[in-house]
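Reviewing the structure listed below.
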Amino acid sequence: MGMNRPITIGRIDYANAWPLFHQFEERADRNNFNVIKRVPSELNRMLKIGELDVSAISSFSYGQNASEYVLLPELSVGSVGIVNSILLFMKEPIERMRPDRIAVTATSATSVNLLKILMTLHFDCNPEYVTEAPDLDRMLETSDAALIIGDPAIQASWRDHGLHVIDLGQLWYQWTGLGMTYAVVAARKEVAVTAPEALYTVYKALNVSKQYNKAHLGPLIEQACSQLGGVSTYWEMYFHSLQYDFGSKLQEGLKLYFDYSKRLGLLANDVELTFFEDQSAQ
């Protein structure tokens with residue numbers, strides 16, 4: 001499969017995933033892959049139906065399709081504490097009033113289901129959820145709260161809107177003591193079987209890019225200021241608050257997230273974290 005055509009790779013089109021992909025295309029053989037940029041929900045769909053071979057996807061989408069995928073080790077987007085870009089904007093503080101209706105982003109499954117877990121199990125609250133485009137003002141026209149993720153969430157957080165804001169990464173950590181993994185990098189199992197060397201090449205190039213970018217954040221900070229606004233000190237804080245190595249605290253947090261998802265009926269089955277191992281590269 002992957003041996004006779006370029007491998008197709010999905011890239012999350014948010015700043016939080018830039019450290020995984022920046023300069024990746026310069027570090028791998030362009031003749032052997034194509035990169036497609038989309039929001040997480042679209043990448044989830046494309047990997048599921050085989051339009052992509054490898055992709056950064058919502059962690060929840062991996063949970064839904066774990067029997068069909070393998071994870072690429074040491075690659076993820078997560079946080080142990082504040083995440084800054086998965087935010088619940090509320091008209092009233094939740095301590096004063098539980099929301100009856102929450103507008104949620106249409107762009108990611110992980111964050112929406114994380115919100116449902118926190119609302120149900122932590123706050124003992126079961127609001128109505130309505131899916132809408134990530135426009136804060138419009139979402140709040142008919143809802144008590146709005147969940148926005150990624151770059152739109154960051155830009156909304158800079159506004160003087162007078163709303164009460166909950167950072168879901170921070171709340172998850174305060175509640176569980178664990179990190180949370182919002183996105184993983186997964187490959188379809190048939191690619192791992194039929195083209196392990198090609199997949200290993202992609203994995204190594206992504207890992208090298210990630211390590212380099214973590215140590216050289218300057219270009220990403222400049223790009224963020226130019227493309228998304230804000231000041232360099234904000235973006236330096238933002239990139240440092242995220243974790244990309246999928247370490248044990250993030251894996252344990254993701255396992256707990258999957259357990260809670262199954263308990264609430266959001267996932268049908270137990271989920272195992274299965275990682276790609278290229279035997280030919282040993």
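Take every DSSP beta bridge whose two residues both sit in the stretch 86-176; close to 55 percent of them are antiparallel. Judged by the gyration tensor of its Cα atoms, with axes a ≥ b ≥ c, the stretch 86-176 is rounded; a/c sits under the 1.5 cut. For the chain, a simple Cβ point-charge model (Lys and Arg +1, Asp and Glu -1, everything else neutral) yields a dipole of about 220 debye relative to the Cα centre. Using the Cβ-Cβ distance between Glu252 and Asn4 with R0 set to 35 Å, the FRET efficiency works out to roughly 0.35.
List residues of the stretch 48-81, by number, whose backbone nitrogen lies under 18 Å from a label position 7 Å along Cα→C-beta of His122. Under cut-off, by backbone N: 59-60, 78-81.
Taking chymotrypsin sites (Phe, Trp or Tyr not before Pro) as exposed when DSSP calls them loop and at most 16 other C-beta atoms lie within 10 angstrom, the chain has its longest site-free stretch at 159-282. Inter-label distance, Asn32 to Val208: 1.0 nm, where each label sits 7 Å from its Cα along the C-beta direction.
Note on Lys91 and Glu222: their simple-model spin labels are 4.5 nm apart, each label 7 Å out from Cα toward Cβ.
Calculated FRET efficiency, Asp135 to Ser232, Cβ-Cβ distance, R0 = 41 Å: about 0.90 to the nearest 0.05.
Placing dummy labels 7 Å off each Cα toward the beta-carbon, the span from Val193 to Phe275 is 2.2 nm.
The loop-placed GluC sites (Glu not before Pro) in the stretch 136-228, going by DSSP, that have at most 12 neighbouring Cβ atoms within 10 Å of their Cβ come out as Glu141.
Just so you know, all these numbers are worked out from the coordinates, no wet-lab data involved. Please read these numbers as outputs of a predicted model, since none were measured by experiment. Note that each Cβ is placed from the backbone with ideal geometry, even for glycine, and that neighbours are counted across all protein chains shown.
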